[in-house]
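Beneath this line is the structure, given in structure tokens, with notes to follow.
The values are calculated or read from the model by the stated rules, or taken from the named source; none is laboratory data. Bear in mind that the values here come from a model prediction, so they are computed numbers and not experimental data. Reconstructed Cβ throughout: ideal geometry from the backbone, glycine too, with neighbour counts over all protein chains shown.
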Number of protein chains: 2
Amino acid sequence: MQRTGQIAEVRQIIQQARSLGQKIALVPTMGYLHEGHLALVAAAQRAEAFIVMSIFVNPLQFGPNEDFERYPRDLERDAHLAAGAGVDLLFHPDVKEMYPEVVEATVRVETMENLLCGASRPGHFRGVATVVSKLLHIVQPDQAFFGLKDYQQYLIIKKMARDLNFPVEIIGVPIVRESDGLAKSSRNVYLSPQERAEAVVLYQSLSLAAAAIREGERDPRKIEALIRQKISETSGRIDYVEVRNAADLAAVERIEQTVVIAVAVYFKTTRLIDNLVVQA
Amino acid sequence: MQRTGQIAEVRQIIQQARSLGQKIALVPTMGYLHEGHLALVAAAQRAEAFIVMSIFVNPLQFGPNEDFERYPRDLERDAHLAAGAGVDLLFHPDVKEMYPEVVEATVRVETMENLLCGASRPGHFRGVATVVSKLLHIVQPDQAFFGLKDYQQYLIIKKMARDLNFPVEIIGVPIVRESDGLAKSSRNVYLSPQERAEAVVLYQSLSLAAAAIREGERDPRKIEALIRQKISETSGRIDYVEVRNAADLAAVERIEQTVVIAVAVYFKTTRLIDNLVVQA
């Protein structure tokens, strides 16, 4: 596995891979890798591409009171895992390399950027769309892989790529879970043992809700209430619980198409998200 | 010269040119070609590239009360001129091809987008940055050529390309003028004979101002007043007259570096712009 923090070197290495006829796959991450990230790499491997993984904790997508500073980082461990998973090039730029000047140009995806996670994290998706846009221009991949745990992010990036004609295919990869159902997340390390035990409520309440829909419940408000009730039995503080159209996150009056049930819950200052896509 | 209105076909043709080892040059226009556009093509020819000219009157960069509907169009004349100038591929999509869905994703270049032309045309540069972003993704050129008459547009696109790591070189091409000094513009056809005669005041007042700077005037307010005085002798209505830093359009307290003197003037409903870059 090759490694570099330099954009110019990435371009060089990729040009070489391309000249050998290889397809390029991008797996953008913020590092502190877990099985969720490795599932992205596995999906890229099935595409038989030259796999570029980026590791960059992007300050532009963190709010002033969020966890940018304390976000977990361990580049050497990550490099070891990435190499083992089959990554061909690890790109780990520092902030200065990615943002050498005052950032003026940004990418916005209206409507979707202000819902759900966007409502409690103003500017977050502008930061995400902007850094992904940069990474797509640096790596110029044929395919880019995103985890479906960040479902809203996946839809926003897909819409961005479509609206702006990015020459790339955006691929969503299913959520990887712990054995008790908790979605894998770099932020899980923040949880105390008690919080870790309680955090399973996200998946459990989502599963109950999905079962209710499959059994015929069509009222999104009732589904949301069911989840709220379950979470209220823990120390978790609800940020949002919402049932939305799975294709574009539009509000749903009655569940008559495929919906995404999305939740965000704080355990003290740790914010966890999860979702399930359910066909009515 | 090849011609198409289809994005998929553009991609195919360009992939072929690239596979033959050719560099790709993009000349984005709104059509109704004049010598200013042909100077862009000539600059692209010096780069010995496969030259793609786009012709697209982009609704996203026009305000609701602007001249989108009546903007002059003549595709057959344009195709003839483009072929004669050495364009290899003419891309002339319709609105549906460029915006098949509701546009959610846009590109913004903060600060610069709200000054000068951006102040009187809210949303204009968002429309420009977004459509140029799309064209860059469709054509994937090595170089893209922009006329320096739209100086602010040139700086915004350059900053966008730099901030977002677009793999392209943005090249500015000097203004082409009529024999009396009026900058070539597709909008000049709107002018009555009397307005056409008066419109030379833009270039004349800019030239006087540039001479004053070269003779030692360092107060931008005095330069602006000089230009305002000259224009007030005509039927022209001033939109703005400004002396700004030529590198980033920052306000200038004293003229001590290279500045751009930029003006926008209405003759009835026809809005003309012009500028001169002057070294102090």
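Here the helices (runs of 4 or more DSSP H) wholly within segment A:189-280 that include at least 2 residues being in contact with a helix residue (DSSP H, G or I) (Cβ under 8 Å, 6 or more places away or on another chain) are A:201-214, A:220-232. Considered as a group, the residues in segment A:69-84 that are surrounded by 14 or more Cβ atoms within 10 Å (Cβ to Cβ) and of a type in the set (Gly, Ala, Ser) include one that is farthest from the other protein chains (Cβ to nearest Cβ), and that residue is A:Ala83.
For segment B:106-115, the count of residues that are away from chain A (no Cβ under 13 Å) and over 24 Å from A:Gln140 (Cα atoms) is zero. Evaluating B:Phe62 against the criteria (1) closer than 23 Å to B:Tyr266 by Cβ; (2) loosely packed, with under 15 Cβ neighbours inside 10 Å leaves one unmet condition, (2).
Of all residues in segment B:14-37, those that are buried (at least 20 other Cβ atoms within 10 Å of the Cβ) and more than 16 Å from B:Ala144 (Cβ to Cβ) total 3. Taking B:Pro100 as the residue in question, decide whether it is surrounded by fewer than 15 Cβ atoms within 10 Å (Cβ to Cβ) and at pLDDT 95 or above. Criteria met by B:Pro100. Confirm whether B:Arg121 is more than 8 Å from chain A (Cβ to nearest Cβ), in contact (Cβ under 8 Å) with a residue 24 or more places away in the chain and touching a Lys or Arg at 6+ places or on another chain (Cβ under 8 Å). Considered against the rule, which asks whether it is more than 8 Å from chain A (Cβ to nearest Cβ), in contact (Cβ under 8 Å) with a residue 24 or more places away in the chain and touching a Lys or Arg at 6+ places or on another chain (Cβ under 8 Å), B:Arg121 comes out as no. Taking the listed residues A:Arg254, A:Arg214, A:Arg228, A:Arg162, the one that is assigned by TED's automatic domain parsing to the domain that holds A:Phe56 and either closer than 30 Å to A:Ala49 by Cβ or loosely packed, with under 15 Cβ neighbours inside 10 Å (or both) is A:Arg162, with no other qualifying. Residues of segment B:144-159 that are within 23 Å of A:Met160 (Cα to Cα) and touching a residue at least 24 places away in the same chain (Cβ under 8 Å): B:Ala144, B:Gln153, B:Ile156, B:Ile157, B:Lys159. Test A:Lys149 against the criterion of being more than 21 Å from B:Ala105 (Cα to Cα), in the same structural domain as A:Arg70 (by TED's automatic domain parsing) and either modelled with pLDDT of 95 or more or of a type outside the set (A, V, I, L, M) (or both), and give yes or no. Spelling it out, A:Lys149 is indeed more than 21 Å from B:Ala105 (Cα to Cα), in the same structural domain as A:Arg70 (by TED's automatic domain parsing) and either modelled with pLDDT of 95 or more or of a type outside the set (A, V, I, L, M) (or both). All of A:Val259, A:Val263, A:Val243 fail the test of being farther than 15 Å from A:Arg218 by Cβ and under 21 Å from the mean Cα position of the chain (by Cα), apart from A:Val263.
When you look at B:Val131, is it assigned to a strand (DSSP E or B) and either modelled with pLDDT of 95 or more or of a type in the set (Gly, Ala, Ser) (or both), yes or no? No, not satisfied. When each of B:Val107, B:Val87 is tested for being in contact with a Ser or Thr (Cβ under 9 Å, 6 or more places away or on another chain), surrounded by 14 or more Cβ atoms within 10 Å (Cβ to Cβ) and touching a residue at least 12 places away in the same chain (Cβ under 8 Å), the lone residue that passes is B:Val107. Taken residue by residue, segment A:128-145 has at least one member that is in the same structural domain as A:Val10 (by TED's automatic domain parsing), closer than 17 Å to A:Asn275 by Cβ, in contact with a helix residue (DSSP H, G or I) (Cβ under 6 Å, 6 or more places away or on another chain) and not polar (S, T, N, Q). So in segment A:142-175, with the set limited to residues that are within 14 Å of another protein chain (Cβ to nearest Cβ) and in a strand (DSSP E or B), which one is nearest to A:Val259 (Cα to Cα)? Per the stated criteria, the residue is A:Ile170. All of (1) outside the structural domain of A:Lys268 (by TED's automatic domain parsing); (2) surrounded by fewer than 24 Cβ atoms within 10 Å (Cβ to Cβ); (3) assigned to a helix (DSSP H, G or I) hold for A:Gly181 with one exception: (3).
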